[in-house]
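Written below as structure tokens is the structure these notes are about.
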Amino acid sequence: MTTDRRQSLEVRATPDCLDEVHDLINTVAAGAGVADEATVRFTTAAMEIVDNVIEHGTRAEAPNLAVTVEVTGGWLRGVVEDDGPPTSLDLGATDMPDAMADRGRGLPLAARLLDEFRFERQAERNTWHLGIALDD
């Protein structure tokens with residue numbers, strides 16, 4: 001049985017933040033009693049999203065990144081927000097690239113791992129919504 005938990009983190013979107021985001025997810029998931037399989041799925045998807053923000057944040061200074069992770073109502077959910085450049089993205093069209101491609105697997109992988117995956121651009125911010133339904 002899981003118990004509700006919520007935690008947030010604000011950092012610059014640099015490779016150094018990956019460990020902090022990973023630790024945040026593990027702290028919330030473990031504290032709420034989330035099963036390892038769900039935690040691994042969620043962590044893998046979230047790390048792909050954060051890595052995308054790092055890679056495509058084409059400003060002179062790394063984008064600001066806010067990550068919130070919560071367990072509530074039978075879900076492990078996350079919101080990843082950044083103030084990087086806008087992205088033109090259709091999550092419904094996130095197919096895996098050709099086997100010989102050396103890039104482009106992150107978002108399709110995240111979409112396959114998550115039960116909920118949405119993106120929106122509002123008020124100069126990219127916002128990613130991630131969710132995994134939990135079995136109690």
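The values are calculated or read from the model by the stated rules, or taken from the named source; none is laboratory data. Bear in mind that the values here come from a model prediction, so they are computed numbers and not experimental data. Reconstructed Cβ throughout: ideal geometry from the backbone, glycine too, with neighbour counts over all protein chains shown. Note: areas computed on protein heavy atoms with side chains; ligands, DNA, RNA excluded. Shrake-Rupley method; radii C 1.70, N 1.55, O 1.52, S 1.80 Å.
Within the shell defined by Cβ-Cβ distances under 9 Å, the residues around V67 carry a net charge of -3, with Lys and Arg each +1 and Asp and Glu each -1. Residues in the stretch 29-72 average 41 Å² of solvent-accessible surface per residue, probe 1.4 Å, ligands and nucleic acids excluded. Simple spin-label estimate for E116 and H22 gives 2.7 nm between the two label positions (7 Å along the Cα-to-Cβ direction from each Cα).
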